[in-house]
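Below is one structure, written out as structure tokens, with a few remarks after it.
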Amino acid sequence: MSAFPGYRVLAWNAPGYGPSSPLQPDAPDAGDYAQRLAEWLDALGVSRINLVGHSLGCLVAARFAADFPQRVGSLTLASIAAGHARMAPEDRKRLLEGRVGDVAELGPRGMAEKRGPRLLGPKATSEQIRAVVEAMASVDPQGYAQAARMLSGGDIIADLARLPDSVPLQIVFGSADLITTPEANRRVAAHVLRAKVIEIPDAGHALSVDAAEAFNAAIAAHLRP
């Protein structure tokens, strides 16, 4: 049974992920991804959506909602990767080189084995850990590097500042998230005081795996016609 009865669920492979082709620029920004998302929806004949972004996808979702607010019935940002644009240049460089270096040195599977387990909370099962690792291991190095560069230059605060009040916003995160911590999510929420904030107890970064029932319930309650 669907967790969202009456709604059509679309899962997007961002450019460079799964079978989707990478973007043309080597260093794309969130707007490049948002434009590709708009084109994909156009191809499907979908004019308006309830949009859910997770982690790095929050940067894309926030840009899409800011650029195309008339197409967004509601916006859910989960486990927010806010972007590094407001960091010192040396910190941005270090983080970017670390991400790109891991996949270049270790390969997708080695990177997934290293990073994957940290995406889940303390109560995660071995099956959940394996599911996250396998998903990460399927990443395309070129697509991953492009996404890392988008993260390095991203600034979700700036995009949310352009989000009209007509787009309902909620922010969802896990209390045990080691990647985008509860404090980091709350700092983003502090810039949009009207945002609904939901903290899921004992959940890590990968909410759809770690706390699927609670995560789906939060999304369902926020849906708009």
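Quick rundown of the values:
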| read-out | value |
| --- | --- |
| Pair list, Cβ < 8 Å and 6+ apart or interchain, from segment 42-68 residues that are closer than 14 Å to residue 11 by Cβ to residues that are among the charged types (D, E, K, R) and outside any helix (DSSP H, G or I) | 50/224 |
| Tally, over segment 195-222, of residues that are in a loop (DSSP other than H, G, I, E, B) and under 27 Å from residue 6 (Cα atoms) | 3 |
| Residue 38 being among the small types (Gly, Ala, Ser), surrounded by fewer than 18 Cβ atoms within 10 Å (Cβ to Cβ), closer than 19 Å to residue 23 by Cβ and at pLDDT 95 or above | yes |
| Candidates 176, 218, 195, 203, filtered to the one that is more than 15 Å from the chain's Cα centre (by Cα), under 18 Å from residue 66 (Cα atoms), at pLDDT 95 or above and not polar (S, T, N, Q) | 195 |
| First in segment 150-170 and farther than 23 Å from residue 90 by Cα, second anywhere and surrounded by 19 or more Cβ atoms within 10 Å (Cβ to Cβ) and among the charged types (D, E, K, R), Cβ under 7 Å, 6 or more apart | 159/63 |
| Subset of segment 58-96 (residues that are hydrophobic (A, V, I, L, M, F, W, C), in contact with a strand residue (DSSP E or B) (Cβ under 7 Å, 6 or more places away or on another chain) and in a helix (DSSP H, G or I)) | 58, 60, 61, 62, 64, 65 |
| Members of segment 144-172 that are crowded, with 20+ Cβ neighbours inside 10 Å, closer than 24 Å to residue 112 by Cα and not aliphatic (A, V, I, L, M) | 144, 146, 152, 154 |
| So residue 86, is it in contact (Cβ under 8 Å) with a residue 40 or more places away in the chain, loosely packed, with under 15 Cβ neighbours inside 10 Å and not acidic (Asp, Glu) | yes |
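The values are calculated or read from the model by the stated rules, or taken from the named source; none is laboratory data. Keep in mind that what you see is a predicted model, and the values were worked out from it rather than measured. Note: ideal-geometry Cβ built from the backbone for every residue, glycine included; neighbour counts use all protein chains shown.
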